[in-house]
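Participant: Mind having a look at this structure? Questions to follow.
The values are calculated or read from the model by the stated rules, or taken from the named source; none is laboratory data. Since this is a predicted model, take the numbers as computed values, not measurements. Cβ placement follows ideal geometry from the backbone for every residue including glycine, while neighbour counts extend to all protein chains displayed. Remember, those area values only see protein heavy atoms, side chains included, never the ligands or the DNA or RNA. Shrake-Rupley method; radii C 1.70, N 1.55, O 1.52, S 1.80 Å.
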Amino acid sequence: MKFRLLLFSLNLLSMSILAQSPYKLSGPQEAAWLGGSGAGIGLSVGLHYRHQPFTPEQVAALDPGRVPAFDRYALRHYSSFARKSSDVALFSTLAIPALLLLDPDIRPDAGTVGVLLGEAFLVNTALTLTAKELVRRPRPFTYNPGVPLTDKLDRDARLSFFSGHTSTAAAMTFATAAIWSEYHPGSDWKPLVWTSAVLVPATVGYLRMRAGKHFLSDVAAGFVVGAATGWLVPYLHRR
């Protein structure tokens with residue numbers, strides 16, 4: 001009887017080890033991640049309402065010739081269809097992490113995974129909003145004479161750098177790919193997973209340029225920041 005109990009205990013222990021999460025959370029570390037993100041978001045909100053929108057005179061003084069050549073592609077575009085499509089694509093990326101719950105190897109660790117994804121989202125949001133408020137770059141459509149002046153006089157018209165849609169999409173897809181890969185290190189599906197993680201935010205960024213909302217450099221910076229955040233947050237929580 002004692003031998004059976006011992007064997008049962010060893011089996012439970014081995015199952016616990018195998019099921020152990022590849023990630024670990026700690027109170028002080030998570031407080032730092034969440035507190036820092038909250039402070040950054042709060043700072044950006046404060047700056048947003050201290051900054052003034054363009055005046056008609058400032059809009060008239062904008063010179064397309066001062067835009068770098070590699071960024072001028074976006075000056076020709078102002079598409080409401082592309083803008084709406086980019087919004088739909090962004091909201092879709094916010095749902096992508098939920099697919100992790102379909103994985104039986106990840107589902108038991110849903111709480112930890114949810115914290116990692118939430119932190120990646122908040123850190124990226126803080127970085128994105130703060131950069132926008134500090135740089136205050138005019139959006140491409142402000143240079144376009146065919147765009148109504150009322151659109152150019154909105155506060156949002158000075159928040160081009162960097163692309164929040166792109167950074168958020170990249171943060172979510174890269175975090176999802178990184179977490180999935182940690183649970184399936186030897187999977188043959190990894191190339192497809194990571195290719196998808198790259199293509200989705202790249203598509204969002206292209207749509208933002210077609211919408212006249214962002215320059216190529218805005219999209220590139222957003223992609224790099226979002227991808228780095230999405231990969232780094234899970235990495236720094238590894239056991």
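Participant: Cross-link partners among lysines for K152, C-alpha distance below 24 Å, same-chain residues fewer than 8 apart left out?
Facilitator: By straight Cα distance, K152 reaches K84, K132, K213.
Participant: Tell me the angle of helix 164-183 to the major Cα principal axis of the chain, expressed in degrees between 0 and 90 and rounded to the nearest ten.
Facilitator: Its long axis makes an angle of about 20 degrees.
Participant: Given a 1.4 angstrom probe, I'd like the percentage of the accessible area of the chain that is carbon and sulfur, rounded to a whole number.
Facilitator: Working: 8600 of 12760 Å².
Using a 1.4 Å probe with all protein chains present, the chain comes out at 67 percent carbon and sulfur.
Participant: Something else now. Counting only heavy atoms of protein chains, what accessible area per residue, in Å², does the range 73-116 have with a probe of 1.4 Å?
Facilitator: 58
Participant: Keeping every protein chain in place, order Y235, Y23, Y49, Y73 by accessible area at 1.4 Å, biggest value first, i.e. largest first. Each step should come with its number before you reach the end.
Facilitator: On the way: Y235 100, Y23 5, Y49 150, Y73 75 Å².
The ordering from most to least exposed comes out as Y49, Y235, Y73, Y23.
Participant: Per DSSP H run of at least 4 residues, take -39500 (n - 2.57); add these up for the chain, divide by its residues and hand me the 222 nm value, nearest 500 deg cm²/dmol.
Facilitator: It lands at -21500 deg cm²/dmol.
Participant: Now a separate question. Apply 1/(1 + (r/R0)^6) to the Cβ-Cβ distance of R72 and Y49, taking R0 = 35 Å, and write down the FRET efficiency to the nearest 0.05.
Facilitator: Rounded to the nearest 0.05, the efficiency is 0.65.
Participant: Taking the Cα centre of each part, how many Å lie between the range 41-62 and the range 127-188?
Facilitator: Cα centres, the range 41-62 to the range 127-188: 17 Å.
Participant: Here's something else I'd like to know. Students sometimes get this wrong: rank F70, F162 by accessible area, probe 1.4 Å, all chains present, largest first.
Facilitator: F70, F162
Participant: Convex hull over the alpha-carbon atoms of the chain: what's its volume per residue in Å³?
Facilitator: Details: hull volume 30.6 nm³, N = 239.
Enclosed volume per residue, from the Cα hull, is 128 Å³.
Participant: So which residue, out of V225, V200, V67, gets the largest mean-square fluctuation from a GNM of the chain using Cα contacts under 10 Å as springs?
Facilitator: V67
Participant: Per 10 Å bin, what is the whole-percent P(r) computed from every C-alpha pair distance within the range 102-180?
Facilitator: 17, 34, 24, 15, 9, 1
Participant: Just to confirm the number: angle between the C-alpha axis of helix 2-18 and the first principal axis of the chain, 0 to 90 degrees, nearest 10?
Facilitator: 10
Participant: Still on this structure: Take the chain, connect every pair of alpha-carbon atoms lying under 10 Å apart with a spring to form a Gaussian network, then pick out the residue of H165, H77, H214 with the largest mean-square fluctuation.
Facilitator: Highest fluctuation of the listed residues: H77.
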